[in-house]
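Asks: Please find one structure pasted underneath; my questions will follow.
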Amino acid sequence: MKTIFNNKRKTKIAIVAFLTLLFVWFCTEDSYADSRTLTEFGVAGPNHKFDRGYSLYVTQRWNNKWNVGLGLLSEMEYYDQTVSNNMVLFGQRLVYGPGIFKDVGLGIGVAYLGNTSVTNGSHLNYMLSMEYFKIRKGIIPDYIVYRHMSNAGTKRPNPGIDAISIGYAFGK
């Protein structure tokens, strides 16, 4: 259990702030029916190295509260080591903010990575996400999402994988 808390002070503060905001938004969320299939493309890489690979995700969202998806991560470089292609299967609980933050969503869930590597030492990981979601017409993307996958230090190595993507929504 000690390794979970073996992070830099700024990282601990960021995690506590994210979880606090997530809890507050869970307590104030509105409920409305909406189901969509989402497709997104972006860049991915080991923690703090966004320019090292690519990501492609297809997800299904129910009631803007649950998100289940499948992702592919391209080969990435982590310092002097190559991280092979990877498959991600994930499920998340989503919540959107109140008032002016109604288009900003936070998510927490679990992710299964097909391959372990120097970036994620285990198959089972946590997934945190933050997104801006607004349906638009035309070629403008409907949302932008940042995802972080990590095993929370339960097994080493664990720098984690970050992905930032833009996406399009299909459905209602």
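Asks: Check the range 75-85 and report whether any residue there is under 17 Å from residue 44 (Cβ atoms), under 11 Å from the mean Cα position of the chain (by Cα) and not hydroxyl-bearing (Ser, Thr, Tyr).
Replies: The answer is no, given that none of the residues of the range 75-85 is under 17 Å from residue 44 (Cβ atoms), under 11 Å from the mean Cα position of the chain (by Cα) and not hydroxyl-bearing (Ser, Thr, Tyr).
Asks: Residue 2 passes all but one of (1) at pLDDT below 80; (2) within 17 Å of the chain's Cα centre (by Cα); (3) not hydroxyl-bearing (Ser, Thr, Tyr); which number fails?
Replies: Result: residue 2 passes all but (2).
Asks: Turning to a different aspect of this structure: Consider the range 87-145. How many of its residues are touching a Gly at 6+ places or on another chain (Cβ under 7 Å) and among the charged types (D, E, K, R)?
Replies: 3
Asks: Within the range 140-162, how many residues are within 24 Å of residue 102 (Cβ to Cβ) and not aromatic (Phe, Trp, Tyr)? Quick ask: steps written out before the conclusion?
Replies: Start the filter on the range 140-162 by keeping residues that are within 24 Å of residue 102 (Cβ to Cβ), which leaves 140-148.
Right, trim to not aromatic (Phe, Trp, Tyr) and you get 140-142, 144-145, 147-148.
The total comes to 7.
Asks: Right, here's the next one. Just checking, does the range 112-134 include any residue being at pLDDT 85 or above, more than 15 Å from residue 150 (Cα to Cα), touching an Asp or Glu at 6+ places or on another chain (Cβ under 8 Å) and crowded, with 20+ Cβ neighbours inside 10 Å?
Replies: Yes, because at least one residue in the range 112-134 is at pLDDT 85 or above, more than 15 Å from residue 150 (Cα to Cα), touching an Asp or Glu at 6+ places or on another chain (Cβ under 8 Å) and crowded, with 20+ Cβ neighbours inside 10 Å.
Asks: Here's something else I'd like to know. Filter the range 105-128 down to the residues that are closer than 28 Å to residue 20 by Cβ and either part of a loop (DSSP other than H, G, I, E, B) or free of Cβ contacts under 8 Å to residues at least 24 places away in the same chain (or both) and list them by number. Don't jump to the end; show me each part of the working.
Replies: Filtering the range 105-128 down to residues closer than 28 Å to residue 20 by Cβ leaves 105-113, 119-122, 124-128.
Hits for the range 105-128 are 110, 119, 120, 121, 122.
Asks: Evaluate the following for residue 41: is it at pLDDT 70 or above, closer than 19 Å to residue 91 by Cα and surrounded by 15 or more Cβ atoms within 10 Å (Cβ to Cβ)? Let's see the steps before the verdict.
Replies: Numbers: at pLDDT 70 or above: yes; closer than 19 Å to residue 91 by Cα: yes; surrounded by 15 or more Cβ atoms within 10 Å (Cβ to Cβ): no.
Judged against the criteria, residue 41 is not a match.
Asks: Another question, then. Considering the range 135-159 alone, what residues qualify as being modelled with pLDDT of 85 or more and either on the phi > 0 side of the Ramachandran plot or of a type in the set (Ser, Thr, Tyr) (or both)?
Replies: 143, 146, 150
Asks: Which count do you get for residues in the range 53-86 that are surrounded by 15 or more Cβ atoms within 10 Å (Cβ to Cβ) and part of a loop (DSSP other than H, G, I, E, B)?
Replies: Here the count works out to 3.
Asks: Going by what's in this entry, would residue 145 be described as of a type in the set (Val, Ile, Thr) and over 25 Å from residue 21 (Cβ atoms)?
Replies: Details: of a type in the set (Val, Ile, Thr): yes; over 25 Å from residue 21 (Cβ atoms): no.
When the stated conditions are applied, residue 145 does not pass them.
Asks: Of the residues in the range 62-100, how many are farther than 18 Å from residue 150 by Cβ, touching a residue at least 40 places away in the same chain (Cβ under 8 Å) and not polar (S, T, N, Q)?
Replies: 4
Asks: Further question on the same structure: Cβ contacts < 8 Å: first residue over 16 Å from residue 131 (Cβ atoms), restricted to the range 30-50; second residue modelled with pLDDT under 65 and not in a strand (DSSP E or B), any location; separation 6+ or different chain. Result?
Replies: Close Cβ pairs (under 8 Å, with a partner that is modelled with pLDDT under 65 and not in a strand (DSSP E or B)) amount to 35/172; 45/51.
The values are calculated or read from the model by the stated rules, or taken from the named source; none is laboratory data. Note that the coordinates shown come from a computational prediction; the quantities given were computed from them, not determined experimentally. Reconstructed Cβ throughout: ideal geometry from the backbone, glycine too, with neighbour counts over all protein chains shown.
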